[in-house]
Amino acid sequence: QEQLVESGGGLVQPGGSLRLSCAASGNIFSFYAMAWYRQAPGKQRELVAVIRSVGSTNYDDSVKGRFTISRDNAKNTVYLQMNSLKPEDTAVYYCTAFTTQNTYWGQGTQVTVSS
């Protein structure tokens, strides 16, 4: 059973930056993709960014140019660098990992953008 542990959330002012980390208990090469989702209060969970095992990435239009997803294979960790944060980025952010048979979720980390 894979475990994903997110960290790096917190309170930041509009225009600020945060970097989220997602540490996997196993080798991330076993996942064909990893992603970050977020869920704001009263809203559905939405896909923010995805990175595939070959290194290709995709982003939701709302975060393009501001967020960057990356991976460190040696550390079995995926990151989400978030710049130019806006109040509408406030949400619980979840790390997800996909294999051909399972989908794994982390416990989530709160990001609050407020002055």
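The table below gives the values:
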| item | result |
| --- | --- |
| Single match in PRO14, PRO41 (criterion: of a type outside the set (A, V, I, L, M, F, W, C) and either open to solvent by 80 Å² or more (accessible area, probe 1.4 Å) or in contact with a Leu (Cβ under 6 Å, 6 or more places away or on another chain) (or both)) | PRO41 |
| Total residues in the stretch 53-65, condition open to solvent by less than 50 Å² (accessible area, probe 1.4 Å) and either over 19 Å from SER84 (Cα atoms) or at pLDDT below 95 (or both) | 2 |
| Conditions (1) of a type in the set (S, T, N, Q); (2) under 17 Å from GLN3 (Cβ atoms); (3) outside any strand (DSSP E or B); number of the one not met by THR96 | (3) |
| When residues of the stretch 17-38 are limited to those that are assigned to a loop (DSSP other than H, G, I, E, B), in contact with a Ser or Thr (Cβ under 8 Å, 6 or more places away or on another chain) and open to solvent by 20 Å² or more (accessible area, probe 1.4 Å), the one nearest to LYS86 (Cα to Cα) | SER17 |
| Which numbered condition ASN83 misses (of (1) surrounded by 20 or more Cβ atoms within 10 Å (Cβ to Cβ); (2) in contact with a Lys or Arg (Cβ under 7 Å, 6 or more places away or on another chain)) | (1) |
| Residue under evaluation VAL50, criteria (1) in a strand (DSSP E or B); (2) open to solvent by 50 Å² or more (accessible area, probe 1.4 Å), criterion not met | (2) |
| Matching entry among THR96, THR109, THR103, THR68 (being within 10 Å of the chain's Cα centre (by Cα) and open to solvent by 50 Å² or more (accessible area, probe 1.4 Å)) | THR68 |
| Per-region count, the stretch 68-114, residues more than 17 Å from TYR37 (Cα to Cα) and modelled with pLDDT under 95 | 7 |
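The values are calculated or read from the model by the stated rules, or taken from the named source; none is laboratory data. Bear in mind that the values here come from a model prediction, so they are computed numbers and not experimental data. Please note: Cβ atoms are built from the backbone with ideal geometry, for glycine as well, and neighbour counts cover all protein chains shown. Accessible surface areas use protein heavy atoms only, side chains included; no ligands, DNA or RNA. Shrake-Rupley method; radii C 1.70, N 1.55, O 1.52, S 1.80 Å.
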